[in-house]
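Working notes for the structure below.
Where a number appears in this text, it was derived from the coordinates with a stated rule and is not lab data. Note that this is a predicted model, so its numbers are computed, not measured. Counting neighbours? That spans all protein chains shown, and the Cβs are built from the backbone with ideal geometry, glycine included.
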Amino acid sequence: MDPDTILLYVALVFGFYMAWNIGANDVGNSMGTSVGSRALTLRQAVVLAAIANFAGAVLVGGKVTDTVRKGITDPMIYVDNPETLLYGMLAALLAAGFWLQIATSFGWPVSTTHSIIGAVVGFGVVAGGVDSIDWVKVASIASSWVISPLLSGIVAFIAFSLIRKLILNAKDIMLATKRIVPIIFGLVVLVMSLVLLFKGLKHLNLDMTLEESVLISGLLGFGAWAVSGLFLHGVDFNRYKRKFVLNQQRAVDDNLMVSQSLRKSLVYKDKNLGYASGSIHNRLDVLYEEMEQIADDIEDNAYTEAKNQGREDYHFVERIFGYLQVLSAVFVAFAHGANDVANAIGPLAAVVSIIQTKQVLMQVGVPFWLLLLGGVGIAIGIGTLGWKVMETIGKKITEITPSRGFAAEFSAATVIAIASKMGIPISTTHTLVGAVIGVGMARGISSINLNVVRNIVVSWFVTVPAGAIFAIIFYYILKAIFGT
């Protein structure tokens with residue numbers, strides 16, 4: 001097997017490895033809050049995220065990509081020595097994927113874009129020198145560590161505060177729902193359409209002006225407002241209330257019946273223990289203690305269910321926000337697959353181009369089969385390790401309900417859409433985490449797990465230097481193995 005073929009296979013493995021880790025880490029951005037609020041089960045979230053990310057990557061992923069991601073270093077520096085760029089891109093893919101795998105194992109949501117940028121900086125410094133790096137661009141990207149979470153946190157704080165004031169704390173929740181939720185639904189469709197146009201579909205070169213994009217999204221949002229308004233107007237809320245109360249009462253009765261059965265068994269505890277001795281006595285004693293604990297837990301659950309009776313209005317509204325949350329999550333997942341697949345396929349396409357042409361090009365075409373490879377890698381990453389980061393975002397930062405999760409996702413999507421069009425450097429990961437923190441802040445700082453937040457922020461600052469260090473190490477290893 002000739003060296004070029006070997007390098008091609010190595011590149012495909014590294015590209016797939018990077019895509020796999022993108023899926024494993026970034027799935028939390030779109031589905032984490034949906035799982036935390038129980039709008040989706042973990043399995044449902046994994047399946048939806050895999051399908052949406054794969055569709056985004058394959059259908060509208062970049063057909064043309066920059067040779068070096070984000071223009072961090074000038075590829076023309078390597079025009080007389082394309083092998084150097086080839087080894088550098090391979091090292092960058094392996095380094096970024098390796099760091100993402102480490103972060104995912106700890107459940108840290110980090111930026112996949114920053115991971116590959118850090119890796120490109122690393123090999124660029126050792127291969128082209130310090131002056132070969134566009135440090136101004138690196139600094140602007142680093143600024144997103146502050147800009148992204150701050151903007152989304154503020155928007156999410158305001159969004160959830162408004163939802164709580166206008167709907168959840170309204171005197172007539174059902175009437176407020178009929179009036180406000182259709183407006184929210186229209187805004188969701190409008191914002192998500194802009195996210196797709198500005199971020200998810202940017203590779204299609206639609207050449208829409210800002211006015212055209214806003215007009216199309218506005219019309220879609222208006223249609224969503226009208227349809228949802230008509231639907232809610234026709235909903236029989238009283239019928240829903242009766243059904244909810246009946247189900248709650250059944251749950252209370254079932255729990256109390258099970259608890260009473262356990263209590264009857266415990267009546268014979270002392271008598272049975274008197275007949276036993278030694279290890280059997282000890283085991284029975286432990287068993288009866290566990291039965292008592294289970295009976296107590298079931299009674300507590302019955303008490304909670306009884307308290308929920310009379311809150312059917314609140315429950316109905318939360319269910320509606322659960323549906324909105326799932327809708328926004330699918331949109332974000334699709335846009336993520338379309339946009340971030342380039343973090344794996346961009347460097348891989350550059351490597352394939354160099355192997356085939358022996359030249360360094362500023363931009364290279366991306367064959368469909370490479371997009372397919374990236375889409376499959378992302379989907380497998382979601383299915384195998386995606387739950388770790390999903391759990392951090394959805395459960396460990398703050399308690400998430402459907403209304404809170406929706407406020408976080410909608411706010412993050414709004415900031416992403418605006419920043420993408422204005423050219424403000426922003427990270428999807430940092431934006432979503434900031435939004436979740438903002439929702440928590442609306443309930444008071446005590447509702448936020450500051451230890452988890454601290455670990456996440458530290459991982460953000462470590463991402464670029466970690467990618468750079470690993471890239472330098474892997475660059476020299478690959479050069480030693482394949483270099484002449």
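Here are some notes:
- Summary of packing: across the peptides 450-456, 316-322, the per-residue average of other C-beta atoms within 10 Å ranks them, highest first, as 316-322, 450-456.
- Net charge, Val433 excluded, C-beta distance under 15 Å - Lys, Arg +1, Asp, Glu -1: +2
- Between 0 and 90°, nearest 10: helix 3-36 axis offset from the chain longest Cα axis: 30 degrees
- Karplus (6.51, -1.76, 1.60) ³J(HN,Hα), θ = phi - 60°, over region 76-83, in Hz, Gly and Pro reported as x: 5, 4, 9, 4, 8, 9, x, 4
- Helix 237-266 and the longest principal axis of the Cα set of the chain meet at an angle near 70°.
- Working note: Karplus 6.51/-1.76/1.60 with θ = phi - 60° gives region 445-462 the couplings 5, 5, 7, 9, 7, 5, 5, 5, 4, 4, 4, 5, 4, 4, 5, 5, 5, 7 Hz, where Gly and Pro are set to x.
- Protection proxy ranking for 184-196, 209-221, 6-18, using the average of other Cβ atoms within 10 Å per residue and placing the highest first: 184-196, 6-18, 209-221.
- Judged by the mean number of other Cβ atoms found within 10 Å, the most tightly packed of the peptides 365-371, 349-355, 165-171 leads the ranking 349-355, 365-371, 165-171.
- Cα shape, the chain, gyration tensor, a/c 1.5 rule: oblate
- Chymotrypsin sites (Phe, Trp or Tyr not before Pro) restricted to DSSP loop in region 110-155 with at most 12 other C-beta within 10 Å: none
- Cα gyration tensor category, rounded, prolate or oblate, for region 85-144 with a/c compared to 1.5: oblate
- Relative to the longest principal axis of the Cα atoms of the chain, the long axis of helix 428-441 makes an angle of roughly 30 degrees.
- For the chain, the residue among Phe198, Gly88, Val317 whose Cα projects farthest onto the positive side of the dipole built from Cβ charges is Val317.
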